[in-house]
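Scroll down for the structure; my scribbles are underneath it.
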Amino acid sequence: MQDLSTIVKAYDIRGVVPDQLNEDVARAVGAAFAEVLDFPESVAVGHDMRPSSVPLSTAFAEGVTSRGTNVVVIGLASTDQLYYASGFLDMPGAMFTASHNPAQYNGIKLCRAGAAPVGQDTGLAQIRELAERLLAGPAGSAGSVGPPDGDGARGVVEQRDVLAGYATHLRSLVPLEGIRPLTVVVDAGNGMAGHTVPAVLDVPGLTVVPMYFELDGTFPHHEANPIEPENLRDLQAAVQDHGADLGLAFDGDADRCFVVDERGKAVNPSALTALIATRELERAPGQRVVHNLITSRAVPEIVREHGGEPIRTRVGHSFIKQTMAETGAVFGGEHSAHFYFRDFWRADSGMLAALHTLAALGGSPVGTTLSELIAPYERYVSSGEINSTVTDQAGVMAAVEEAFAGREGVRVDHLDGLSVEHEDWWFNLRPSNTEPLLRLNAEAVDEPTMETIRDDVLGIIRAS
(Lines give C-alpha, C1' and ligand atoms only; values in the text may rest on other atoms or scores of the structure.)
Protein backbone atom coordinates (compact mmCIF):
# COMPACT_ATOMS: atom_id res chain seq x y z
CA MET A 1 0.00 0.00 0.00
CA GLN A 2 1.35 3.44 -0.93
CA ASP A 3 2.24 5.49 2.16
CA LEU A 4 1.09 9.12 1.88
CA SER A 5 2.36 10.11 5.33
CA THR A 6 5.33 11.99 3.85
CA ILE A 7 3.09 14.37 1.91
CA VAL A 8 0.00 14.68 4.12
CA LYS A 9 1.02 17.43 6.53
CA ALA A 10 -0.82 18.92 9.49
CA TYR A 11 -2.92 21.29 7.38
CA ASP A 12 -2.49 20.31 3.73
CA ILE A 13 -0.90 17.93 1.23
CA ARG A 14 2.48 18.85 -0.20
CA GLY A 15 5.28 16.99 -1.99
CA VAL A 16 7.68 16.72 -4.89
CA VAL A 17 6.12 16.12 -8.33
CA PRO A 18 5.91 13.41 -9.61
CA ASP A 19 7.90 11.34 -7.11
CA GLN A 20 5.58 11.99 -4.16
CA LEU A 21 2.55 13.72 -5.69
CA ASN A 22 1.28 12.65 -9.09
CA GLU A 23 -2.00 12.35 -10.97
CA ASP A 24 -2.86 8.95 -9.49
CA VAL A 25 -2.46 10.34 -5.98
CA ALA A 26 -4.48 13.46 -6.84
CA ARG A 27 -7.26 11.31 -8.33
CA ALA A 28 -7.38 9.12 -5.21
CA VAL A 29 -7.41 12.18 -2.93
CA GLY A 30 -10.28 13.65 -4.96
CA ALA A 31 -12.36 10.51 -4.57
CA ALA A 32 -11.52 10.26 -0.87
CA PHE A 33 -12.33 13.93 -0.31
CA ALA A 34 -15.81 13.47 -1.78
CA GLU A 35 -16.44 10.36 0.34
CA VAL A 36 -15.14 11.74 3.64
CA LEU A 37 -17.27 14.88 3.15
CA ASP A 38 -20.30 12.62 2.57
CA PHE A 39 -20.68 13.25 -1.16
CA PRO A 40 -21.38 17.00 -1.34
CA GLU A 41 -23.30 18.26 -4.34
CA SER A 42 -20.31 20.23 -5.69
CA VAL A 43 -16.65 21.00 -4.98
CA ALA A 44 -14.82 24.15 -6.13
CA VAL A 45 -11.33 23.56 -7.55
CA GLY A 46 -8.66 26.17 -8.24
CA HIS A 47 -4.99 26.01 -9.12
CA ASP A 48 -1.87 28.17 -9.19
CA MET A 49 0.59 28.77 -12.04
CA ARG A 50 2.89 25.76 -11.50
CA PRO A 51 3.27 23.58 -14.62
CA SER A 52 1.95 20.53 -12.74
CA SER A 53 -1.12 22.27 -11.31
CA VAL A 54 -3.47 21.78 -14.28
CA PRO A 55 -2.90 18.02 -14.71
CA LEU A 56 -3.03 17.44 -10.95
CA SER A 57 -6.23 19.45 -10.47
CA THR A 58 -7.80 17.73 -13.50
CA ALA A 59 -7.02 14.32 -12.01
CA PHE A 60 -8.44 15.42 -8.65
CA ALA A 61 -11.65 16.51 -10.40
CA GLU A 62 -11.87 13.06 -12.01
CA GLY A 63 -11.69 11.51 -8.58
CA VAL A 64 -14.38 13.81 -7.22
CA THR A 65 -16.76 13.26 -10.13
CA SER A 66 -16.25 9.47 -9.89
CA ARG A 67 -18.16 9.71 -6.60
CA GLY A 68 -21.13 11.48 -8.18
CA THR A 69 -20.09 14.94 -6.94
CA ASN A 70 -19.96 17.87 -9.35
CA VAL A 71 -16.88 20.07 -9.78
CA VAL A 72 -16.83 23.84 -10.29
CA VAL A 73 -13.47 24.72 -11.81
CA ILE A 74 -12.47 28.31 -11.06
CA GLY A 75 -9.14 27.93 -12.87
CA LEU A 76 -6.17 30.12 -12.04
CA ALA A 77 -6.64 31.48 -8.53
CA SER A 78 -4.96 32.62 -5.37
CA THR A 79 -5.72 30.54 -2.30
CA ASP A 80 -7.92 33.25 -0.84
CA GLN A 81 -9.78 33.41 -4.16
CA LEU A 82 -10.54 29.71 -3.70
CA TYR A 83 -11.71 30.48 -0.15
CA TYR A 84 -13.97 33.17 -1.60
CA ALA A 85 -15.46 30.60 -4.00
CA SER A 86 -15.97 28.12 -1.14
CA GLY A 87 -17.66 30.77 0.97
CA PHE A 88 -19.70 32.54 -1.67
CA LEU A 89 -20.82 29.34 -3.41
CA ASP A 90 -21.18 27.47 -0.08
CA MET A 91 -19.30 24.37 -1.20
CA PRO A 92 -16.10 22.55 -0.23
CA GLY A 93 -12.96 23.54 -2.08
CA ALA A 94 -9.53 22.34 -3.19
CA MET A 95 -6.63 24.60 -4.12
CA PHE A 96 -3.65 23.17 -5.98
CA THR A 97 -0.54 25.01 -4.84
CA ALA A 98 2.69 24.50 -2.96
CA SER A 99 2.55 28.12 -1.79
CA HIS A 100 6.10 29.34 -1.14
CA ASN A 101 7.84 26.02 -1.82
CA PRO A 102 10.31 25.65 -4.72
CA ALA A 103 9.23 24.81 -8.26
CA GLN A 104 9.53 21.02 -7.99
CA TYR A 105 6.78 20.94 -5.34
CA ASN A 106 3.01 21.04 -5.54
CA GLY A 107 0.21 20.46 -3.07
CA ILE A 108 -3.47 20.57 -2.18
CA LYS A 109 -5.20 22.80 0.37
CA LEU A 110 -8.65 21.48 1.22
CA CYS A 111 -11.60 23.13 2.93
CA ARG A 112 -15.21 22.38 3.75
CA ALA A 113 -18.08 24.63 2.64
CA GLY A 114 -17.69 28.17 3.90
CA ALA A 115 -13.87 27.85 3.78
CA ALA A 116 -13.83 25.81 7.01
CA PRO A 117 -10.39 24.21 7.40
CA VAL A 118 -9.59 20.57 6.79
CA GLY A 119 -6.64 19.43 8.90
CA GLN A 120 -5.44 16.22 10.50
CA ASP A 121 -8.14 16.37 13.17
CA THR A 122 -10.91 17.60 10.85
CA GLY A 123 -10.85 15.07 8.02
CA LEU A 124 -7.37 15.04 6.50
CA ALA A 125 -6.28 11.87 8.32
CA GLN A 126 -9.38 10.02 7.06
CA ILE A 127 -8.81 11.35 3.52
CA ARG A 128 -5.25 10.04 3.60
CA GLU A 129 -6.30 6.59 4.84
CA LEU A 130 -9.02 6.23 2.21
CA ALA A 131 -6.77 7.54 -0.59
CA GLU A 132 -4.12 4.95 0.36
CA ARG A 133 -6.73 2.17 0.14
CA LEU A 134 -7.90 3.43 -3.24
CA LEU A 135 -4.33 3.53 -4.55
CA ALA A 136 -3.87 -0.07 -3.39
CA GLY A 137 -6.98 -1.21 -5.28
CA PRO A 138 -7.45 -2.10 -8.94
CA ALA A 139 -5.64 0.19 -11.38
CA GLY A 140 -7.61 3.34 -11.99
CA SER A 141 -10.17 2.54 -9.31
CA ALA A 142 -10.00 6.02 -7.81
CA GLY A 143 -11.05 7.56 -11.08
CA SER A 144 -13.49 5.07 -12.51
CA VAL A 145 -15.64 3.58 -9.75
CA GLY A 146 -19.06 5.17 -9.32
CA PRO A 147 -20.37 6.44 -6.00
CA PRO A 148 -20.68 3.57 -3.52
CA ASP A 149 -24.18 4.51 -2.46
CA GLY A 150 -25.50 5.69 -5.80
CA ASP A 151 -26.34 4.50 -9.31
CA GLY A 152 -22.86 5.01 -10.71
CA ALA A 153 -23.63 8.36 -12.31
CA ARG A 154 -20.59 10.61 -12.49
CA GLY A 155 -20.61 14.23 -11.44
CA VAL A 156 -20.29 16.96 -14.04
CA VAL A 157 -17.57 19.58 -14.43
CA GLU A 158 -18.35 23.23 -15.11
CA GLN A 159 -16.12 26.29 -15.45
CA ARG A 160 -16.83 29.43 -13.45
CA ASP A 161 -14.86 32.69 -13.33
CA VAL A 162 -15.02 34.22 -9.85
CA LEU A 163 -12.16 36.75 -10.09
CA ALA A 164 -14.38 39.81 -10.54
CA GLY A 165 -16.68 38.75 -7.71
CA TYR A 166 -13.69 38.11 -5.46
CA ALA A 167 -12.26 41.57 -6.16
CA THR A 168 -15.59 43.29 -5.59
CA HIS A 169 -16.14 41.43 -2.32
CA LEU A 170 -12.71 42.35 -0.93
CA ARG A 171 -13.14 46.02 -1.81
CA SER A 172 -16.55 46.00 -0.11
CA LEU A 173 -14.85 44.81 3.09
CA VAL A 174 -12.04 47.40 2.90
CA PRO A 175 -13.08 50.28 0.62
CA LEU A 176 -10.34 52.43 -0.92
CA GLU A 177 -12.56 55.21 -2.21
CA GLY A 178 -11.31 58.63 -1.20
CA ILE A 179 -7.77 57.64 -0.27
CA ARG A 180 -5.01 60.12 -1.01
CA PRO A 181 -2.81 59.26 -4.01
CA LEU A 182 -0.35 56.48 -3.25
CA THR A 183 2.34 54.69 -5.23
CA VAL A 184 2.80 51.04 -4.31
CA VAL A 185 5.33 48.59 -5.72
CA VAL A 186 4.01 45.03 -5.76
CA ASP A 187 6.33 42.02 -6.06
CA ALA A 188 4.19 39.07 -7.10
CA GLY A 189 7.20 36.74 -7.25
CA ASN A 190 5.77 35.28 -10.51
CA GLY A 191 2.99 33.88 -8.33
CA MET A 192 -0.77 34.30 -8.16
CA ALA A 193 -0.71 37.94 -7.01
CA GLY A 194 0.14 38.66 -10.65
CA HIS A 195 -3.35 37.35 -11.41
CA THR A 196 -5.30 38.98 -8.56
CA VAL A 197 -3.62 42.36 -7.96
CA PRO A 198 -4.67 43.89 -11.33
CA ALA A 199 -8.30 43.03 -10.53
CA VAL A 200 -8.31 44.11 -6.87
CA LEU A 201 -6.08 47.20 -6.87
CA ASP A 202 -7.49 48.87 -9.98
CA VAL A 203 -8.83 51.85 -8.01
CA PRO A 204 -8.57 55.64 -8.44
CA GLY A 205 -5.69 57.25 -6.58
CA LEU A 206 -3.54 54.14 -6.52
CA THR A 207 -0.52 53.78 -8.80
CA VAL A 208 0.71 50.18 -8.90
CA VAL A 209 4.27 49.48 -10.03
CA PRO A 210 4.28 45.76 -10.93
CA MET A 211 7.24 43.45 -10.36
CA TYR A 212 7.34 39.86 -11.62
CA PHE A 213 3.64 39.70 -12.47
CA GLU A 214 4.23 37.09 -15.20
CA LEU A 215 2.76 33.80 -13.98
CA ASP A 216 5.71 31.41 -13.97
CA GLY A 217 5.86 28.40 -11.65
CA THR A 218 9.61 28.02 -12.25
CA PHE A 219 10.16 31.28 -10.27
CA PRO A 220 12.86 32.77 -12.52
CA HIS A 221 13.63 35.81 -10.33
CA HIS A 222 13.44 34.55 -6.76
CA GLU A 223 11.44 32.08 -4.70
CA ALA A 224 7.96 33.34 -3.87
CA ASN A 225 8.71 33.18 -0.14
CA PRO A 226 8.92 36.73 1.23
CA ILE A 227 9.51 35.64 4.81
CA GLU A 228 13.13 35.06 3.72
CA PRO A 229 14.96 38.44 3.66
CA GLU A 230 16.81 37.75 0.40
CA ASN A 231 13.48 37.45 -1.42
CA LEU A 232 12.53 41.01 -0.39
CA ARG A 233 15.66 42.72 -1.69
CA ASP A 234 14.35 43.46 -5.19
CA LEU A 235 11.19 45.00 -3.73
CA GLN A 236 13.10 47.05 -1.17
CA ALA A 237 15.34 48.50 -3.89
CA ALA A 238 12.39 49.20 -6.20
CA VAL A 239 10.44 51.07 -3.49
CA GLN A 240 13.36 53.44 -3.05
CA ASP A 241 14.09 53.72 -6.79
CA HIS A 242 10.48 54.71 -7.52
CA GLY A 243 10.07 56.91 -4.43
CA ALA A 244 7.05 54.77 -3.61
CA ASP A 245 4.95 55.07 -0.48
CA LEU A 246 5.21 51.36 0.25
CA GLY A 247 5.83 47.92 -1.19
CA LEU A 248 3.84 44.68 -1.01
CA ALA A 249 5.26 41.18 -1.44
CA PHE A 250 3.09 38.08 -1.80
CA ASP A 251 3.98 34.42 -1.57
CA GLY A 252 3.31 31.97 -4.39
CA ASP A 253 -0.40 31.45 -3.74
CA ALA A 254 -0.88 35.03 -2.47
CA ASP A 255 -2.45 34.11 0.84
CA ARG A 256 0.34 35.91 2.74
CA CYS A 257 1.33 39.55 2.37
CA PHE A 258 4.53 41.21 3.57
CA VAL A 259 4.88 45.00 3.66
CA VAL A 260 7.90 47.25 3.06
CA ASP A 261 7.85 50.89 4.16
CA GLU A 262 8.98 53.94 2.16
CA ARG A 263 12.58 53.45 3.34
CA GLY A 264 12.66 49.88 2.08
CA LYS A 265 12.44 48.44 5.59
CA ALA A 266 10.32 45.35 6.15
CA VAL A 267 7.35 45.86 8.47
CA ASN A 268 7.08 43.28 11.24
CA PRO A 269 3.94 41.16 10.62
CA SER A 270 3.07 41.58 14.32
CA ALA A 271 2.92 45.35 13.82
CA LEU A 272 0.64 44.80 10.84
CA THR A 273 -1.51 42.50 12.98
CA ALA A 274 -1.85 45.27 15.58
CA LEU A 275 -2.66 47.90 12.94
CA ILE A 276 -5.36 45.78 11.31
CA ALA A 277 -6.75 44.84 14.72
CA THR A 278 -7.27 48.50 15.61
CA ARG A 279 -9.08 49.08 12.31
CA GLU A 280 -11.34 46.07 12.83
CA LEU A 281 -12.06 47.18 16.40
CA GLU A 282 -13.04 50.65 15.16
CA ARG A 283 -15.63 48.95 12.98
CA ALA A 284 -16.65 46.36 15.59
CA PRO A 285 -15.98 47.83 19.05
CA GLY A 286 -15.30 45.51 21.96
CA GLN A 287 -14.78 42.40 19.83
CA ARG A 288 -12.24 39.65 20.33
CA VAL A 289 -8.96 39.41 18.39
CA VAL A 290 -7.03 36.14 18.14
CA HIS A 291 -3.24 36.08 17.99
CA ASN A 292 -0.81 33.18 18.21
CA LEU A 293 1.59 33.00 21.13
CA ILE A 294 4.65 34.16 19.18
CA THR A 295 3.23 37.39 17.87
CA SER A 296 4.62 40.44 19.60
CA ARG A 297 3.50 41.29 23.14
CA ALA A 298 2.45 44.60 21.59
CA VAL A 299 -0.53 42.91 19.89
CA PRO A 300 -2.56 42.02 23.02
CA GLU A 301 -1.52 45.33 24.63
CA ILE A 302 -2.82 47.36 21.70
CA VAL A 303 -5.99 45.26 21.38
CA ARG A 304 -6.81 46.00 25.04
CA GLU A 305 -5.98 49.70 24.61
CA HIS A 306 -8.54 49.86 21.79
CA GLY A 307 -11.28 48.18 23.81
CA GLY A 308 -10.91 44.68 22.40
CA GLU A 309 -10.28 41.34 24.04
CA PRO A 310 -7.11 39.52 22.93
CA ILE A 311 -7.18 35.73 22.80
CA ARG A 312 -3.90 33.80 22.72
CA THR A 313 -3.71 30.54 20.80
CA ARG A 314 -1.33 27.98 19.38
CA VAL A 315 0.58 28.51 16.14
CA GLY A 316 -1.19 27.28 13.01
CA HIS A 317 -4.14 28.33 10.90
CA SER A 318 -6.40 25.51 12.08
CA PHE A 319 -6.04 26.70 15.69
CA ILE A 320 -6.63 30.34 14.74
CA LYS A 321 -9.73 29.51 12.69
CA GLN A 322 -11.12 27.15 15.32
CA THR A 323 -10.65 29.74 18.08
CA MET A 324 -12.22 32.44 15.92
CA ALA A 325 -15.23 30.20 15.33
CA GLU A 326 -15.57 29.38 19.03
CA THR A 327 -15.24 32.98 20.22
CA GLY A 328 -16.73 34.96 17.35
CA ALA A 329 -13.48 36.92 17.02
CA VAL A 330 -13.47 39.62 14.38
CA PHE A 331 -9.84 39.16 13.34
CA GLY A 332 -6.83 36.91 13.81
CA GLY A 333 -3.15 37.38 13.04
CA GLU A 334 0.04 35.34 13.02
CA HIS A 335 3.74 36.24 13.05
CA SER A 336 4.07 34.49 9.67
CA ALA A 337 1.93 37.13 7.90
CA HIS A 338 -1.25 35.08 7.82
CA PHE A 339 -4.23 37.34 8.57
CA TYR A 340 -7.77 36.00 9.18
CA PHE A 341 -11.05 37.88 8.89
CA ARG A 342 -14.43 36.97 10.35
CA ASP A 343 -16.19 38.63 7.41
CA PHE A 344 -14.14 36.52 4.99
CA TRP A 345 -15.41 33.22 6.39
CA ARG A 346 -12.59 33.36 9.00
CA ALA A 347 -10.16 32.53 6.19
CA ASP A 348 -6.76 34.11 5.67
CA SER A 349 -6.24 36.66 2.94
CA GLY A 350 -3.02 38.44 2.09
CA MET A 351 -4.96 40.75 -0.20
CA LEU A 352 -7.27 41.93 2.58
CA ALA A 353 -4.21 42.69 4.71
CA ALA A 354 -2.80 44.70 1.79
CA LEU A 355 -6.08 46.60 1.43
CA HIS A 356 -6.09 47.45 5.14
CA THR A 357 -2.53 48.78 4.87
CA LEU A 358 -3.38 50.89 1.83
CA ALA A 359 -6.57 52.19 3.43
CA ALA A 360 -4.79 53.12 6.65
CA LEU A 361 -1.99 54.98 4.88
CA GLY A 362 -4.29 56.46 2.25
CA GLY A 363 -6.59 57.78 4.97
CA SER A 364 -3.79 59.42 6.95
CA PRO A 365 -2.83 63.11 6.56
CA VAL A 366 -0.83 64.05 3.47
CA GLY A 367 2.86 63.65 4.18
CA THR A 368 2.45 60.82 6.70
CA THR A 369 4.81 57.98 5.85
CA LEU A 370 4.20 54.31 6.44
CA SER A 371 7.11 54.15 8.88
CA GLU A 372 5.46 56.94 10.92
CA LEU A 373 2.09 55.18 10.75
CA ILE A 374 3.55 51.85 11.89
CA ALA A 375 5.91 53.16 14.60
CA PRO A 376 3.34 53.04 17.46
CA TYR A 377 2.79 49.33 16.79
CA GLU A 378 6.49 48.35 16.95
CA ARG A 379 7.20 48.46 20.68
CA TYR A 380 9.64 45.60 21.21
CA VAL A 381 12.69 43.93 19.66
CA SER A 382 12.28 40.40 18.34
CA SER A 383 14.75 37.70 17.33
CA GLY A 384 12.78 36.27 14.45
CA GLU A 385 12.45 32.51 14.26
CA ILE A 386 15.70 30.61 14.82
CA ASN A 387 15.80 26.89 14.03
CA SER A 388 18.20 24.46 15.68
CA THR A 389 18.64 20.80 14.74
CA VAL A 390 18.32 18.51 17.76
CA THR A 391 17.86 14.77 18.19
CA ASP A 392 16.14 14.85 21.59
CA GLN A 393 13.55 17.62 21.38
CA ALA A 394 11.83 16.79 24.67
CA GLY A 395 15.11 16.49 26.58
CA VAL A 396 16.47 19.79 25.32
CA MET A 397 13.22 21.62 26.08
CA ALA A 398 13.26 20.18 29.61
CA ALA A 399 16.82 21.44 30.08
CA VAL A 400 15.82 24.93 28.92
CA GLU A 401 12.81 24.95 31.24
CA GLU A 402 14.92 23.85 34.19
CA ALA A 403 17.39 26.66 33.52
CA PHE A 404 14.74 29.39 33.45
CA ALA A 405 11.82 28.24 35.60
CA GLY A 406 13.43 29.15 38.90
CA ARG A 407 14.30 32.73 37.95
CA GLU A 408 12.54 35.50 39.80
CA GLY A 409 9.49 36.94 38.05
CA VAL A 410 9.35 34.16 35.45
CA ARG A 411 6.12 32.45 34.30
CA VAL A 412 6.06 29.21 32.32
CA ASP A 413 3.31 27.62 30.22
CA HIS A 414 3.01 24.79 27.71
CA LEU A 415 0.20 25.92 25.42
CA ASP A 416 2.45 25.31 22.41
CA GLY A 417 5.88 23.98 23.27
CA LEU A 418 7.57 25.94 26.07
CA SER A 419 6.77 29.60 26.72
CA VAL A 420 8.77 31.50 29.34
CA GLU A 421 7.69 35.06 30.20
CA HIS A 422 9.18 37.89 32.24
CA GLU A 423 8.19 41.52 32.55
CA ASP A 424 11.04 42.56 30.23
CA TRP A 425 11.19 39.60 27.85
CA TRP A 426 9.70 36.33 26.70
CA PHE A 427 10.62 33.39 24.52
CA ASN A 428 8.87 30.37 23.02
CA LEU A 429 10.55 27.12 22.07
CA ARG A 430 8.52 24.73 19.89
CA PRO A 431 9.35 21.41 18.27
CA SER A 432 8.76 21.03 14.55
CA ASN A 433 6.04 18.49 13.70
CA THR A 434 7.91 17.21 10.65
CA GLU A 435 11.66 17.75 11.23
CA PRO A 436 14.17 17.27 14.08
CA LEU A 437 14.13 20.99 14.83
CA LEU A 438 13.43 23.31 17.71
CA ARG A 439 12.08 26.75 16.76
CA LEU A 440 13.01 29.67 19.01
CA ASN A 441 11.28 33.05 19.07
CA ALA A 442 12.33 35.69 21.60
CA GLU A 443 11.29 39.28 22.28
CA ALA A 444 12.41 41.93 24.76
CA VAL A 445 12.13 45.59 25.64
CA ASP A 446 15.46 46.39 23.94
CA GLU A 447 18.14 44.84 21.74
CA PRO A 448 20.68 43.95 24.46
CA THR A 449 18.05 42.18 26.59
CA MET A 450 16.72 40.25 23.60
CA GLU A 451 20.23 39.20 22.55
CA THR A 452 21.04 38.01 26.08
CA ILE A 453 17.90 35.85 26.35
CA ARG A 454 18.29 34.54 22.80
CA ASP A 455 21.93 33.58 23.35
CA ASP A 456 21.22 32.01 26.76
CA VAL A 457 18.57 29.73 25.25
CA LEU A 458 20.65 28.89 22.18
CA GLY A 459 23.60 28.08 24.40
CA ILE A 460 21.59 25.41 26.21
CA ILE A 461 20.12 24.04 22.98
CA ARG A 462 23.40 23.77 21.14
CA ALA A 463 25.32 22.36 24.11
CA SER A 464 22.94 19.42 24.27
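The values are calculated or read from the model by the stated rules, or taken from the named source; none is laboratory data. This one's a predicted model, so the numbers in the text were calculated from it and none came from an experiment. Neighbour counts run over all protein chains shown; Cβ positions are idealised from the backbone, glycine included. With ligands, DNA and RNA removed, areas are computed over all heavy atoms of the protein, side chains included. Shrake-Rupley method; radii C 1.70, N 1.55, O 1.52, S 1.80 Å.
Under the criterion of Cα pairs below 8 Å and six or more residues apart, the relative contact order for the stretch 390-464 equals 27 percent. Rg/Rh for the stretch 1-42 stands at 1.00; both radii use Cα atoms, and Rh follows the Kirkwood definition. The simple spin-label model puts a point 7 Å past each Cα toward its Cβ; for Val445 and Val156 those points are separated by 6.8 nm. Computed over Cα pairs, the Kirkwood radius of the stretch 273-326 leads via Stokes-Einstein (0.890 mPa s, 25 °C) to a diffusion coefficient of 223 µm² per second. Within the stretch 191-342, the proportion of Cα pairs with more than 19 Å between them is 57 percent. With the helix formula -39500 (n - 2.57) applied to DSSP H stretches of n ≥ 4, the chain reaches a computed 222 nm mean residue ellipticity of -11000 deg cm²/dmol.
Stokes-Einstein diffusion for the stretch 228-284, with the hydrodynamic radius set to the Kirkwood value over Cα pairs and evaluated at 25 °C in a medium of 0.890 mPa s, equals 200 µm²/s. In plain terms, the chain from Asp90 to Ala164 could stretch by 24.9 nm, reckoned as 0.36 nm per residue minus the Cα-Cα distance.
Mean separation of Cα pairs under 8 Å and 6 or more residues apart, divided by the residue count, gives the stretch 329-412 a relative contact order of 11 percent.
In this simple spin-label model, placing a label point 7 Å from the Cα along the Cα-to-Cβ direction at both Arg133 and Arg263 gives a separation of 6.0 nm. The packing ranking of peptides 185-197, 233-245, highest mean first, is 185-197, 233-245, where packing means the average number of other beta carbon atoms within 10 angstrom of each residue. With a 1.4 Å probe and all protein chains left in place, how much of the accessible area of the chain comes from carbon and sulfur atoms, in whole percent? That fraction is 48 percent. Cβ-Cβ distance of Ser364 and Thr391, R₀ of 41 Å, FRET efficiency by 1/(1 + (r/R0)^6): the value works out to about 0.20.
Length gained on full extension, Asp424 to Thr452: 8.9 nm, using 0.36 nm per residue less the C-alpha separation. Straightening the chain between Glu214 and Asp241 buys 7.6 nm, computed as 0.36 nm per residue apart minus the Cα-Cα spacing.
Within the chain, DSSP assigns beta bridges of which about 55% are antiparallel (rounded to the nearest 5). By the Cα gyration tensor, the stretch 178-268 has an equivalent ellipsoid whose semi-axes, rounded to whole angstrom, run 19, 16, 10 from largest to smallest.
Charge tally around Ala44: other residues with Cβ under 14 Å, Lys/Arg +1 each, Asp/Glu -1 each, net -2.
The Cα atoms of the stretch 21-120 cover 33, 27, 26 Å along the three principal axes, with the biggest extent listed first. Calculation over all alpha carbon pairs of the stretch 70-138 in 5 angstrom steps from 0 returns a P(r) of 4, 16, 21, 21, 21, 13, 4, 0 percent. Nearest 10 degrees is fine. How inclined is helix 79-89 to the longest principal axis of the chain, computing both from alpha carbons? Once rounded, the angle reads 60 degrees.
Accessible area per residue for the stretch 43-190, computed on protein heavy atoms with a 1.4 Å probe, is 36 Å². To the nearest ten degrees, helix 393-405 and the longest principal axis of the Cα atoms of the chain are 20 degrees apart. Rg and Dmax over the alpha-carbon atoms of the stretch 354-446 stand at 18.2, 55 Å. Heavy-atom accessible area, probed at 1.4 angstrom with all protein chains present, ranks Asp19, Asp121 as Asp121, Asp19, highest first. Once the Cα atoms of helix 163-173 and of the chain are each reduced to a long axis, what angle between those two axes, in degrees from 0 to 90 to the nearest 10, is obtained? Orientation of helix 163-173: about 30 degrees from the principal axis. For Asn441, neighbours were defined as the other residues whose beta-carbon sits under 12 Å from its Cβ, and their charges (Lys and Arg +1, Asp and Glu -1) total 0.
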